Amino acid sequence: MKIAFFDPFSGAAGDMVLGALLDAGLDFPALEDGLTSLGLDGYALESSPANHHGISGTHFAVKVAQSQPQRDWASIRPLIENSGLPGTARDRAVQIFARLAEAEAHVHGTPVELVHFHEVGAVDAIVDICGFALAMDLMEIDEVYSLPPAVGQGWIRAQHGLMPVPAPATAQLLTTAMVPLGRPMPDQSVENVELLTPTGAAILVSQAIFEQPVFSANAIGYGFGSKQLPWPNALRVWIGETTAST
């Protein structure tokens, strides 16, 4: 059985997830080509080498044009379901995005189909989530595992003002999935930093088994985030084989 085992020692975001998978062997042209089936315009994908604190890896980014239509879950779901993604990837992407929409709906007290995603953020999240789902198909991953994620600490400024870390939607996702909490910050001197984003949390909590599997690794990758921190701001992933679930 082929698995992906994530180590979110510096949290996770959608771009870090894809950066890690690309660094571990995911084919970038195949990912880029597959995502064109979504029919989305106004964005471009970038994958570039990165090296922080002596560790080399990959930085993945979705460059989004500022002019985008407003999108809610009621419009995003058919966009994914009617895309040309493989059926398994479509189902996985819908499952992940539904978890994210449900968490946002709970936080804001709105019906899930009316949950609104910021114009640029919606494209970013769609590409990251559908990209992950497609990557699982392209890499022929059977199961996903993860260690508990670092979430960060302090406060961040968001669209609705100051928010505690983890952000409310992230906290809701972790709570409903009963993910083990309490992983320490790598450096306590950083007072205000969000390490785990709602998109990163949605991918992990909807897809990963939070156990350390017994397996033989044949590839490792590091996906770097954009924040410059006193430690390697990366998500690590091992790709390997196991003959039994743990």
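Computed from the coordinates by the stated procedures, all read-outs in this text should not be read as laboratory data. Worth saying up front: this structure is predicted, and the values here are computed from it rather than measured. Positions of Cβ are generated from backbone atoms using ideal geometry, with glycine treated the same way; all protein chains shown enter the neighbour counts.
A compact table of results
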| item | result |
| --- | --- |
| Loop sites in the stretch 88-138: trypsin sites (Lys or Arg not before Pro), DSSP, at most 16 other Cβ within 10 Å | none |
| Cα-based Rg and Dmax for the stretch 116-196, where Dmax is the largest Cα-Cα distance (Å) | 15.1, 41 |
| Per-q log10 I(q)/I(0), the stretch 100-237, q = 0.09, 0.14 Å⁻¹ (Debye; single scatterer per alpha-carbon; no solvent) | -0.29, -0.74 |
| Total charge dipole magnitude, the stretch 163-246, about the Cα centre, Cβ charges on Lys, Arg, Asp, Glu only, Debye to nearest 20 | 60 debye |
| Alpha carbon convex hull of the stretch 14-121, volume per residue in cubic angstrom | 123 Å³ |
| Rounded Å value of the spacing that divides the Cα centres of the stretch 160-176 and the stretch 8-38 | 24 Å |
| Rg over Rh, two decimals, the stretch 40-181 (C-alpha only, Kirkwood Rh) | 0.96 |
| The chain: most fluctuating residue of G42, G11, G19 per GNM, C-alpha cutoff 10 Å | G42 |
| Overall Cα dimensions of the stretch 160-246 - principal axes, largest extent first, Å | 48, 31, 20 |
| Column: log10 I(q)/I(0), Debye, Cα scatterers of the stretch 46-92, q = 0.14 Å⁻¹ | -0.64 |
| Under the span-like rule (Cα at least 27 Å along the axis, Kyte-Doolittle mean at least -0.5), DSSP H helices of the chain | 87-108, 119-138 |
